[in-house]
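Scroll down for the structure; my scribbles are underneath it.
Readers should treat all values here as calculations from the given coordinates under stated rules, not as data from a laboratory. What you see is a predicted model; the values in this text were computed from it and never measured. Cβ sites come from the backbone with ideal geometry, for glycine too, and all protein chains shown count toward neighbours.
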Amino acid sequence: MKDKVIAILEARAGAHLAELIARRGGIPLAAPALEEVPDVEPQAIASMLATSRTDPFKMTIFQTGVGTRALFQAADSLGLTGELLALLAASTVIVRGPKPVGELNSRGVVIAYRAASPFTTAAVLEAVAAIPLHGARVLVQRYGAANPELRQGLETRGARVEEIATYRWALPRDVQPLRELLAALDEGRVDAVVFTSAVQIQNLHAVAAAAGVDATLATRLNRCVIASVGPVCSRALAALGVKPTFEASPPKLGPLVGRLAEIFA
């Protein structure tokens, strides 16, 4: 990918992704498309732990590493970490992907089931398919947005689902890099665009709409190599008329950049 301009919409791991691209001779173009805003309500956590004493959770599902960490940090600040650990010890703990694992291991939490790659909501539901859930109370650590597909899948089986928010996704306070990316796409100065979450394409579209260029965004993107980290991201792209060139397999940054290099080679 020597001298190819690769647009990066990733925020938290953007610097690492840019380094991987630069090592292979690419030119990273950083345009962070989302910001993680803390959204922990101490009272909600205290209330959730209080009700669990008489109405325990049969299952707890962790979806992200950053959200898992935020939940424990909030419990630490409230002096309720012991109660949170007791809740988890009494429930079946599920992880959506590898990122929550380290946080849970560091707290001594036993993980019963792990969703299979590519760590989609469907994979989570498949992982818990054999567990009876009728009337069971299920706690879901929410990621940056609600997951209606997961809630519906659990409630269809009779579960009582409670989500606990730890952070939310928002547009970055500074959207100028995204505006500059839109201009670069219009001028044909971008060779590839890397999408690592569904929210990135949605936020890019929102900025394009504010600039009055959303009608041509899909056409501009489809002129480039479009790298998608996985099926959830690909579906969001397809919903806006953008066809991914490929999905990373497995859905991680290393394989994604490796596949990009192969395509440009």
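Worth a mention:
- Lysines whose Cα lies under 29 Å from that of LYS243, excluding same-chain neighbours fewer than 8 positions away: LYS2, LYS4, LYS99, LYS252
- Net charge over other residues, Cβ less than 11 angstrom from the Cβ of LEU150 (K, R count +1; D, E count -1): 0
- Maximal additional length on extending the ILE27-GLN43 stretch stands at 1.2 nm, based on 0.36 nm per residue less the C-alpha distance.
- Full-extension gain in nm, ARG173 to LYS243, via 0.36 nm per residue minus C-alpha separation: 22.4 nm
- Here is what passes the span test in the chain: the DSSP H helices with alpha carbon length of 18 Å or more along the helix axis and a Kyte-Doolittle mean of 0.0 or above are 65-78, 198-210.
- Ranked list, fewest to most other Cβ atoms within 10 Å of each Cβ, for THR120, THR216, THR54: THR54, THR216, THR120
- Over 31 Å [Cα-Cα, the chain], rounded percent: 32 percent
- Taken as Cα centroids, the stretch 192-241 and the stretch 90-116 sit 32 Å apart, rounded to the nearest whole angstrom.
- Fewest-first sequence of TYR143, TYR167, TYR113 by Cβ atoms within 10 Å of each Cβ: TYR113, TYR167, TYR143
- Among LEU85, LEU80, sorting on how many other beta-carbon atoms sit within 10 Å of each Cβ, with the fewest leading, yields LEU85, LEU80.
- A simple charge model with +1 on the Cβ of Lys and Arg, -1 on the Cβ of Asp and Glu and nothing else charged puts the dipole of the stretch 37-169 at about 220 debye relative to its Cα centre.
- Expected 222 nm ellipticity per residue - DSSP helices of 4 or more, -39500 (n - 2.57), all of the chain, to 500: -13000 deg cm²/dmol
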